[in-house]
Amino acid sequence: MLAIGTTPKADPPPSPPVGEAETASQAGPGAGATPQAGTRACPRCRAACDVSAAFCKFCGASLQQEAGAGAADSKRLGAAPQSGPGAATAAPVRVSKPGQPAAQAAAVPSSPVVPVTAPMPRAVIPAPAPGLMNSAAPPPPAPVGPAPETAAAPTSPPGPLTPANAPKESKPTFAAAPTGKKKDLKEREPRGRLVIIAKDGGEGQSFPIFDNLDVGRSEGDVILGDDRYLSPRHARLFWQRDELVLRDLGSTNGVFLRISKSQNPHMAQPLQDQDLILIGQQVIRFEIVKDAEEGLGPAMQHGTLLFGTPAAPRHARLCQRTVEGVTRDVFHIRKAETVLGRESGDIVFTEDPFLSRRHALIKLDPMRKNFSIGDLGSSNGTFLQIRGDATLKSGDEFRIGQQLFRVNLSQETRSPQASGLEGAPKSVS
């Protein structure tokens with residue numbers, strides 16, 4: 001029942017929650033408004049922003065980062081983010097002030113948030129400059145890094161050498177004569193033949209000797225390309241009157257003529273200073289000792305004679321020359337006769353299997369002071385380097401490089417057994 005004269009008071013409108021009022025007062029224009037089509041709400045200030053905008057035009061917050069953070073939080077909490085109309089949005093957390101009931105703070109409605117997937121950024125392709133429209137496109141850059149490996153075909157290991165796949169030794173070649181000269185040579189017989197002595201001592205390939213015959217590694221009538229010890233054009237055989245002459249054409253290793261085999265030491269060849277001797281595998285240079293080197297007399301020191309081996313005369317020396325072109329061992333000749341061999345003698349070379357036990361003899365004539373060398377019946381012979389021209393007889397042998405040749409004159413075809421010659425060098429037991 002109302003009192004007379006009093007106006008009834010209306011109930012005061014309910015005051016908005018404190019958290020929502022503060023949010024509304026702090027937000028910019030458009031906060032709390034329902035987002036229209038083509039817009040999305042800012043996660044921070046809830047203002048409606050354009051869908052294509054990357055930042056909020058009211059608070060400046062990044063719309064892409066907030067959308068990505070919300071999706072990540074939803075994924076971390078186990079809820080898959082949804083897109084499109086009707087998608088559920090996470091309610092914002094409200095902070096109640098002191099004295100505000102918790103139920104009232106929890107009942108504050110929240111404005112819906114429409115998540116919109118941010119568009120993918122487009123690559124901006126600059127327009128080509130004027131004048132380059134018709135230019136060719138640059139080639140693509142080469143890949144950096146190791147090249148891809150290609151699978152190699154499997155190869156079988158090399159097998160042992162057989163007669164089928166073993167390297168074949170090239171044979172000496174004989175240069176053909178010109179056409180006009182060839183017809184003239186057919187009309188007459190050769191005056192001799194040059195025969196190569198094989199390793200087994202038999203006769204190998206032979207070559208006719210007409211007017212002259214040159215032998216070398218790459219030039220001449222007989223070419224032996226596999227012998228590295230031969231000069232390009234090494235030696236020449238030619239006729240002088242009725243005699244066959246052997247001449248060295250300035251070769252590097254010279255021409256060695258075999259001394260006639262004889263048990264008589266007087267059948268020897270004279271030796272001169274700086275002559276080269278070939279026995280077995282030994283190349284020895286002969287040097288005559290000068291008068292100043294023959295005897296120096298006893299030595300004294302502080303007026304006292306020195307002890308030492310008794311002095312002996314030195315007439316000559318033999319210097320062993322190696323393939324390096326240097327001298328290795330030096331042997332002095334002190335006696336009238338010096339024997340060289342493999343086992344017995346004054347100077348021995350025990351490691352040379354091509355030497356005989358007593359191979360050669362060097363003899364000194366004390367009256368004339370002349371030296372000579374003779375062969376003592378060795379199996380492989382004794383050779384002496386020629387100086388100038390050397391006259392050859394039928395059956396003579398000479399060596400150039402690693403080749404041993406025999407000369408057969410007047411069409412003589414003697415075998416080693418018939419001629420009594422030993423043939424190619426062989427080991428001596």
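The values are calculated or read from the model by the stated rules, or taken from the named source; none is laboratory data. The structure displayed is predicted, hence computed values, not measured ones. All Cβ positions, glycine included, derive from the backbone under ideal geometry; neighbour counts span all protein chains shown. Calculation scope for accessible area: heavy atoms of the full protein, side chains included, ligands and nucleic acids excluded. Shrake-Rupley method; radii C 1.70, N 1.55, O 1.52, S 1.80 Å.
What is the spin-label model distance, in nm, from Ser218 to Thr350 if the labels are put 7 Å beyond Cα along the C-beta direction?
4.4
Which value, in Å² and to the nearest 10, is the accessible area of Ser260 when all protein chains are kept and the probe is 1.4 Å?
70
Given H placed on each backbone N at 1.01 Å, which residues far from Ala61 in sequence or on other chains put an amide H within less than 5 Å of it?
Cys56
If Ile400, Ile386 are ordered by their accessible area, calculated over protein heavy atoms with a 1.4 Å probe, which sequence runs from highest to lowest? Working shown, then result.
Working: Ile400 0, Ile386 25 Å².
Largest accessible area first, the residues go Ile386, Ile400.
Heads up, I need the accessible area for Ile223: 1.4 angstrom probe, whole protein in place, Å², nearest 10.
The accessible area comes out at roughly 40 Å².
For Lys335 and Ser62 in the same chain, what is the full-extension length gain: residue separation times 0.36 nm, less their Cα-Cα distance, in nm?
86.6 nm
At a 1.4 Å probe radius, which order do Arg258, Arg328, Arg368, Arg387 fall into by accessible area, largest first? Numbers along the way, then the final one.
Numbers: Arg258 35, Arg328 155, Arg368 180, Arg387 130 Å².
The residues order as Arg368, Arg328, Arg387, Arg258, largest area first.
Leaving out ligands, DNA and RNA but keeping every protein chain, what accessible area does Thr39 have, in Å² rounded to the nearest 10, with a 1.4 Å probe?
Its accessible surface works out to 40 Å², give or take rounding.
Given a Förster radius of 35 Å and the C-beta distance between Arg357 and Lys199 as r, what FRET efficiency does 1/(1 + (r/R0)^6) yield to the nearest 0.05?
Working: r = 23 Å, r/R0 = 0.64.
Working from the Cβ atoms, E equals 0.95.
Near the amide H of Ala316, under 5 Å away, which other amide H atoms are found, from residues 5 or more places off or on another chain, if H is placed in the peptide plane?
HN-HN under 5 Å from Ala316: Val289, Ile333.
Which order do Glu337, Glu287, Glu189, Glu351 take when ranked by solvent-accessible area (1.4 Å probe, heavy atoms of all protein chains), largest first?
Numbers: Glu337 85, Glu287 25, Glu189 125, Glu351 170 Å².
If we order Glu337, Glu287, Glu189, Glu351 from most to least accessible, we get Glu351, Glu189, Glu337, Glu287.
Past the 23 Å Cα-Cα mark, which pairs from Lys290/Lys363; Lys335/Lys369; Lys363/Lys393; Lys335/Lys393? Walk me through the numbers on the way to the answer.
Values: Lys290/Lys363 18 Å; Lys335/Lys369 12 Å; Lys363/Lys393 25 Å; Lys335/Lys393 34 Å.
Over 23 Å apart, Cα to Cα: Lys363/Lys393; Lys335/Lys393.
Using amide H atoms built in the peptide plane, which far-off residues or other-chain residues are under 5 Å from Gln282 H to H?
Sorted by chain and number, the residues that satisfy this come to none at all.
What does the accessible area per residue of region 198-274 come to in Å², with a 1.4 Å probe and no ligands, DNA or RNA counted? Numbers along the way, then the final one.
Details: 4200 Å² over 77 residues.
I get 55 Å² per residue for this part.
Suppose R0 equals 41 Å. What FRET efficiency, 1/(1 + (r/R0)^6) with r the Cβ-Cβ distance, do Tyr229 and Ser410 give to the nearest 0.05? Please report the intermediate quantities before stating the final value.
Values: r = 31 Å, r/R0 = 0.76.
For R0 = 41 Å, the calculated efficiency reads 0.85.
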